[in-house]
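See structure below.
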Amino acid sequence: MDVIGSTSAGTLVKSSAAASDFASGFRVYRPPTDASGPYIIVEGPDEALWFCQSQASAIGRLDLRSGEIVEFKLPNPRAFPVGITVGSDGALWFAQQGSDAIGRITLEGEITEFPLPAHSGPTGLILGPDGNVWFSEVEAGRISYVTPDGEVVQAAHLETTSRPLSLVVRDGEIWFSEVGAGKIGRLNLDGTLREYRTPSPSSAPRALACHPDGSIWAVLTDANALLRIGRDSEMTEYAVPSPEASLRGIVTTTAGDLWFTENATSCIGRAPADGSTITEFALPNAGSGVRCIMATSSDRIFFSAFDAGEIWEALPSRLLQAEAAPSAPL
């Protein structure tokens, strides 16, 4: 096991409990470090939210009870962490795209890093059915995994221009998006690889999410559409109302609703499982740079505002109430 850096408790920067509500249906949590570039968010085993702060090279923790955020600085100031997931060991594992390494942080803040080859560009991560953490290497065009002991194994080599990003698990297989190839990949643990081209060419698929009905949904950034991948791998696209929205993140709730982010329009969107009606909700602040969106185990919806340096919570009941309210007479 190669270890390139560790600290006994990371570097605890400071903490903040600053949160504010917008009557429009959002709540905002501001990390202590300004312009920290929050990206992927995951719910930890401690029921707090853990997230990557790409611009600050830090890992943040948001306590959902108090609203307090604490930050753990990474050893490498150029780490640029992007993706994060919970491992089988109960620790948080994250991708350091800038320093070509996979990091691990315990709930107490102890950090360990495992090196990758130069120009790997690790990005997305997911806990695999085998107990290993699987991740994409966007620069190298690879899908790899790291064992709980820190051994890194390269599992699939793609075209270097494929640029794999997001990963999910369905039926014991690793599914992933290929933003550069306009494809969805499917990797069996025995190494069997299948790739499916999206209906729209050069669609730039990014985030993936598994739906309770067994389908997989994706956002197609360049096609400006949502994509549903059925059990039979049949693909259906659903256009988003706002043109050139720059779709980035997507998540499904236990009730089956879809929520997604629009980076260029500073909106989040909602759609039912059949994709029949897509509703968009504008953030009060333009230019927030919305990226990842996730749902907690209790179906609270959070998303990252990368450009604003904030974590936002969507309050669906307020949003839907405002959407249904009649317009004032002229």
| said: Taking the conditions exactly as written (touching a Gly at 6+ places or on another chain (Cβ under 8 Å), surrounded by fewer than 18 Cβ atoms within 10 Å (Cβ to Cβ) and more than 21 Å from E310 (Cβ to Cβ)), does R78 satisfy them or not? | reply: yes
| message | Any residue that is among the charged types (D, E, K, R) and not in a loop (DSSP other than H, G, I, E, B) - is there at least one of those in the stretch 105-119? | response | yes
| task | Return yes when I278 is buried (at least 22 other Cβ atoms within 10 Å of the Cβ) and out of contact with any helix residue (DSSP H, G or I) (no Cβ under 6 Å at 6 or more places or on another chain) and no when it is not. | result | no
| Looking at S297, S288, S233, which one is under 19 Å from P205 (Cα atoms) and either touching a Lys or Arg at 6+ places or on another chain (Cβ under 9 Å) or not β-branched (V, I, T) (or both)? | S233
| message | One residue is enough: does the stretch 45-59 have a residue meeting the conditions in a strand (DSSP E or B), modelled with pLDDT under 95 and in contact with an Asp or Glu (Cβ under 6 Å, 6 or more places away or on another chain)? | response | no
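Yes or no, residue by residue, for (1) buried (at least 17 other Cβ atoms within 10 Å of the Cβ); (2) without any contact (Cβ under 8 Å) to a residue 60 or more places away in the chain; (3) out of contact with any Phe, Trp or Tyr (no Cβ under 8 Å at 6 or more places or on another chain); (4) not hydroxyl-bearing (S, T, Y):
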position: E110; (1), (2), (3), (4): no, no, yes, yes
position: G128; (1), (2), (3), (4): yes, no, no, yes
position: N188; (1), (2), (3), (4): no, yes, yes, yes
position: S200; (1), (2), (3), (4): yes, yes, yes, no
position: L220; (1), (2), (3), (4): yes, yes, yes, yes
| field | Leading residue by the ranking (surrounded by the fewest Cβ atoms within 10 Å (Cβ to Cβ)) among those in the stretch 236-255 that are touching a residue at least 40 places away in the same chain (Cβ under 8 Å) and not in a loop (DSSP other than H, G, I, E, B) | value | Y238
| message | Suppose we keep only residues that are touching a Gly at 6+ places or on another chain (Cβ under 8 Å) and of a type outside the set (F, W, Y) within the stretch 112-126. Which one would you say is surrounded by the fewest Cβ atoms within 10 Å (Cβ to Cβ)? | response | T112
| Across the stretch 185-211, what is the total count of residues that are part of a loop (DSSP other than H, G, I, E, B) and of a type in the set (G, A, S)? | 5
| remark: S297 passes all but one of the listed conditions (1) in a strand (DSSP E or B); (2) of a type outside the set (K, R); (3) touching a residue at least 60 places away in the same chain (Cβ under 8 Å); the exception is number (1)
| Number of positions in the stretch 121-143 that are under 21 Å from L189 (Cβ atoms) and either assigned to a loop (DSSP other than H, G, I, E, B) or out of contact with any Ser or Thr (no Cβ under 8 Å at 6 or more places or on another chain) (or both) | 7
| request: Select from the stretch 73-94 the residues that are part of a strand (DSSP E or B) and in contact with an Asp or Glu (Cβ under 9 Å, 6 or more places away or on another chain) and list them in ascending order. | output: V86
| message | Kindly evaluate E71 against the criterion of being among the charged types (D, E, K, R) and under 19 Å from I301 (Cα atoms). | response | no
| Single condition P205 does not satisfy, out of (1) within 15 Å of S233 (Cβ to Cβ); (2) touching an Asp or Glu at 6+ places or on another chain (Cβ under 9 Å); (3) surrounded by fewer than 17 Cβ atoms within 10 Å (Cβ to Cβ) | (3)
| message | Looking at the structure I just gave you, is I174 crowded, with 22+ Cβ neighbours inside 10 Å and touching a Cys at 6+ places or on another chain (Cβ under 9 Å)? | response | no
| request: Can you tell me which residue within the stretch 81-97, out of those that are of a type in the set (G, A, S) and surrounded by fewer than 18 Cβ atoms within 10 Å (Cβ to Cβ), is nearest to G44 (Cα to Cα)? | output: G90
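The values are calculated or read from the model by the stated rules, or taken from the named source; none is laboratory data. Keep in mind that this is a model prediction, so the values were computed, not measured. In this analysis, Cβ positions are derived from the backbone assuming ideal geometry, glycine residues included, and neighbour counts consider all displayed protein chains.
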